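Data first, discussion second: the structure below is written as structure tokens.
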Amino acid sequence: MGRYDGRVAVITGAARGIGFGTAQRFAAEGASVAILDLDEGAAQEAAGRIELQGDAKAIGVGCDVADSAAAEAAVQRVVDELGGIHVLVNNAGITRDNLLFKMTEDDWDMVMNVHLKGAFNMTKAAQKRFVEQKYGKILNLSSVSALGNRGQANYSAAKMGIQGFTRTLGIELGPFGINANAIAPGFIATEMTDATAARLKMDVEEFRKLNADHNPVRRVGFPEDIAAAAAFLCSDEASYITGQTLYVDGGAKLG
Ligand code: NAP
């Protein structure tokens, strides 16, 4: 018996990276999963890979989380196709890094719209169903960059905003049987960090090694590291934990 038998988990931005790893983990523990991503074809392809790995049902849904109507329609489609919704993971994310003096208004708005407005849109759509059924788990992706990071004024602000959003959800939704927590990952090897290596004109492996060498546990993180923490925080074993941000970073923020 899996911890997520009979549950439906929605993970945004899950066609690859941390979101895909998290969807794989929920599916392995018995959940039906909905992979939401900008590109419906990529989301469906990822869902197909999950179905090949086991008995879980998986669907792929195209959705721009920054669009409130699209978020509502995606949640309705998940409920129609998978029979409900119990877990929401707000994972979709982008970076538009630059030093403040070069950062454009567009760079700022895009990052705010995907991370903060996206989490708001998806949570609004899910919480209606969660409150009705007096059950729901919300997990938001923050980052160690919430504590400040050169070249990421937009992203740092959004990721710290996610922590305040999470605490407020914990307060408002706790009485309705809903838990809301956040994970703040450190360096995780995905296309997002590979793109940072490219921007810094570094080889991907060299960039990962540099980050591993500066990490207390001397390695970079992988999507599986975040998925393991997500599977705990969204489970019933964690029902007395809400409003928290768990740093999953190999101790990076201690430095
Ligand atoms: P990733 O590999 O770049 O994957 C992000 C996914 O989100 C992509 O499939 C992307 O689709 C999708 N996406 C972007 N904008 C979207 C939108 N408006 N609506 C729906 N989907 C959208 O990133 P990742 O490294 O897995 O990161 C996942 C989350 O963890 C993000 O919130 C990120 O900020 C956070 N995080 C990552 C790290 C890290 O080191 N990797 C560290 C801390 C926090 P497209 O490819 O079509 O753009």
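The values are calculated or read from the model by the stated rules, or taken from the named source; none is laboratory data. Just so it is clear, the model here is predicted, and its values are computed rather than measured. Every residue, glycine among them, receives a Cβ derived from its backbone with ideal geometry; neighbour counts consider all protein chains shown. Accessible surface is based on the protein model in full, side chains and every heavy atom, while ligands, DNA and RNA are left aside. Shrake-Rupley method; radii C 1.70, N 1.55, O 1.52, S 1.80 Å.
Under 12 Å Cα-Cα from K117, which aspartates and glutamates qualify once same-chain neighbours fewer than 8 residues away are excluded?
In chain and number order, the partners are D64, D67, D109.
What does the charge dipole of the chain about its Cα centre add up to, to the nearest 20 debye, if the Cβ of each Lys and Arg holds +1 and the Cβ of each Asp and Glu holds -1?
With Lys and Arg at +1 and Asp and Glu at -1, about 700 debye.
Return the long-range amide H neighbours of D249 (sequence gap of 5 or more, or a different chain), with a cut-off of under 5 Å between placed amide H atoms.
Placed amide hydrogens put G186 under 5 Å from D249.
Report D for segment 124-228 in µm² per second (integer): Stokes-Einstein, Kirkwood Rh on Cα pairs, 37 °C, 0.692 mPa s.
This corresponds to a translational diffusion coefficient of 211 µm²/s.
Counting only C-alpha contacts under 8 Å and six or more residues apart, can you give the relative contact order of the chain as a whole percent?
Worked out over the chain, it gives 18 percent.
Name the residue from F120, L210, L82 whose Cα lies farthest towards the positive end of the charge dipole of the chain, charges +1 on Cβ of Lys and Arg and -1 on Cβ of Asp and Glu.
L210
Quick query: amide H of A182 versus all other amide H atoms, modeled in the peptide plane; which residues come in under 5 Å with a sequence gap of 5 or more or a different chain?
Result for A182 returns N140, Q244, T245, L246.
Report the percentage of all Cα-Cα pairs in the chain whose separation exceeds 35 Å, rounded to a whole percent.
I get 10 percent for the Cα pairs in the chain exceeding 35 Å.
Using the Cα atoms of segment 7-157, I'd like the radius of gyration and the largest Cα-Cα distance, Dmax, both in angstrom.
For segment 7-157, the Cα radius of gyration and maximum Cα-Cα distance read 15.6, 51 Å.
How charged is the neighbourhood of R7? Take every other residue with its Cβ under 10 Å from the Cβ of R7, and add Lys/Arg as +1 and Asp/Glu as -1.
Taking every Cβ under 10 Å from that of R7, the sum is -1.
How large is the accessible surface of M160 in square angstrom, using a 1.4 angstrom probe and rounding to the nearest 10?
80
Between R3 and L100, what is the FRET efficiency for a Förster distance of 30 Å, r being their Cβ-Cβ separation, to the nearest 0.05?
0.10
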